[in-house]
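Inspection log for the structure reproduced underneath, given as structure tokens.
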Amino acid sequence: MTSPSTGRSNDALLHRYTSALTGVFGAPSRVLVRGEGVHVWDADGRRYTDFLGGIAVNSLGHAHPALLSAVTGQLGTLGHISNLFTSEPQIGLAERLLGLADAPEGSTVFFANSGSEANEAAFKLARRHGHEDSSGRRTRVLALENSFHGRTLGALAMTWKPAYREPFEPLPGGVEFLPAGDVAALEAAIDETVAAVVIEPVQGESGVHGWPAGYLQAARDLTRRHGALLIFDEVQSGTGRTGTWFAHQNPAVTGQQDPVVPDAMTLAKGLGGGIPIGALLSFGPRTSRLLTAGQHGTTFGGNPVATAAGLAVLDTIVAEGLLEHVRDLGAHLADGLRALDAVGAVRQYGLLIGVDLAVPAGAGHLVPDGGLAPALVRAGLEAGYLLNATGPSTLRLAPPLVLGRQEADQLVADLPSLLRAALAQGAPDPAAPAPTHPTHPTQETIA
């Protein structure tokens, strides 16, 4: 254990953090100093199993040899060149992504540094498409309730949560929010005044929510009929996270065997395996020509190191058979979670899993302040787990794609004790009946 006197303990470093860092993230719970595989260690030497994956970023876990070799090798050769030049990794990654997406001839890729920046580019793509209409009426961008597309102003304008948007209004205009998963609402809203419809094939920040079968195809049919772009935000669901390269290729997501192909798609998070990168894929020549020279740009986007990292991630997913592994392990983990009395619902798409918690009958405790899920996250941290709550009663699991069955089974085995520790953070309820054996709650099952 690190001695606090060294100034490098968790407590000492967190004190320095609060004095030096802008407080937009709140107070961090730990200072992490190294990682290996699906584990990380804090400044006091405690080990944690990572079921957060840097919020679906660390697709290969921590310190994966393939990623380490690619980044250090590229940095030792050519690190940054600006976009006045190009590099072989940039060209190669663009070609690979277009091939994996089965994009038609004439499709292109714009590289950025993050998901927010990729979605900013998508917003500008929508605006350029609207300007192609000589009537001047194609100005509306449709997004969905409970969506999350980023924190920069354009991406924020398409993000549902009022608490994120309201402090920065007025935001870029023309964005409207539709009830999520409602085909009738789509039909009523989409006409020739709509420039684009922006949809996450799986909504991650809201607690891992997918769509009724046929919803994404209906969006595709309606946008095509009325001349609007269909843009999929696959920042969180892409790059193998759901067990296919992209969620719009996954029958469990789309409800059909054939992919629902968008006009554009954004990527980030897991694409770099921890190295910052984002991408906007434009499908076909008509969409790809909307953004022309001088209309958008980035200094760091698509630099040799980031694109070399992206290639290493894609190569490793293939070499280690991770798409099949994600499908199999995700289903196994979801089945284990569904068998627990404290789990009310599980929504599972590969290794992107939403878990709704339920207080067992007769638990004898009030729900802790802030909700059961945040309390369970705190209890998990004390027990050696990195977990994430997206709401008062919902966990989101987005572990590295290299997670093993042993680690998955251990979480399932430990979850009841974590729940008890979470409930202990609440006050005893004197009116609660004596504990009984709880009945198993109704469960929602999504493959």
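Annotations for the structure displayed:
- Ranked by solvent-accessible area (1.4 Å probe, protein heavy atoms only, all chains present), the residues LEU68, LEU84 order from largest to smallest as LEU84, LEU68.
- Residue ranking by accessible heavy-atom surface, 1.4 Å probe, largest first, among ASP328, ASP258 comes out as ASP258, ASP328.
- Legend: residues ARG138, ARG16, ARG347, ARG378, sorted from most to least accessible area (1.4 Å probe; ligands, DNA and RNA excluded), read ARG16, ARG378, ARG138, ARG347.
- Sparse packing (at most 10 other Cβ atoms within 10 Å of the Cβ) combined with a DSSP loop state is found for the following chymotrypsin sites (Phe, Trp or Tyr not before Pro) in the range 40-127: PHE85.
- Inter-centroid distance (Cα atoms) of the range 187-206 relative to the range 285-344, Å: 21
- The residues packed around THR49, meaning those with a beta-carbon under 14 Å from its beta-carbon, carry a net charge of -3 if Lys and Arg are +1 and Asp and Glu are -1.
- Each residue was assigned an accessible area with a 1.4 Å probe, and for ILE277 the value is about 10 Å².
- Cα-derived Rg over Rh, computed across the range 17-157 with Rh taken as Kirkwood radius: 1.04
- Solvent-accessible surface (1.4 Å probe) assigned to PHE168 amounts to roughly 120 Å².
- DSSP finds beta bridges in the chain, and of those with both partners inside it, around 65 percent are antiparallel.
- Annotation: MET265 carries an accessible surface of approximately 0 Å², with a 1.4 Å probe and no ligand, DNA or RNA atoms counted.
- Furthest towards positive pole of dipole, GLY106, VAL260, HIS226, structure part the chain, Cβ charges: GLY106
- CD proxy at 222 nm, helix term only [per DSSP H run n ≥ 4: -39500 (n - 2.57); per residue of the chain; nearest 500]: -10500 deg cm²/dmol
- Within-13-Å neighbourhood charge of LEU100 [Cβ basis; K, R +1; D, E -1]: -3
- What the chain shows is 43 Å² of accessible area per residue, with the surface traced by a 1.4 Å probe over protein heavy atoms.
- Among (i) 49; (ii) 36; (iii) 44, the entry derived from the coordinates for percent of Cα pairs over 31 Å apart: (iii)
- Angle between the chain longest axis and helix 405-423 axis [Cα atoms, degrees, rounded to 10]: 60
The values are calculated or read from the model by the stated rules, or taken from the named source; none is laboratory data. Just so it is clear, the model here is predicted, and its values are computed rather than measured. Virtual Cβ from ideal backbone geometry, glycine too; neighbours counted across all protein chains shown. Only protein heavy atoms, including side chains, enter the accessible area calculation; ligands, DNA and RNA are left aside. Shrake-Rupley method; radii C 1.70, N 1.55, O 1.52, S 1.80 Å.
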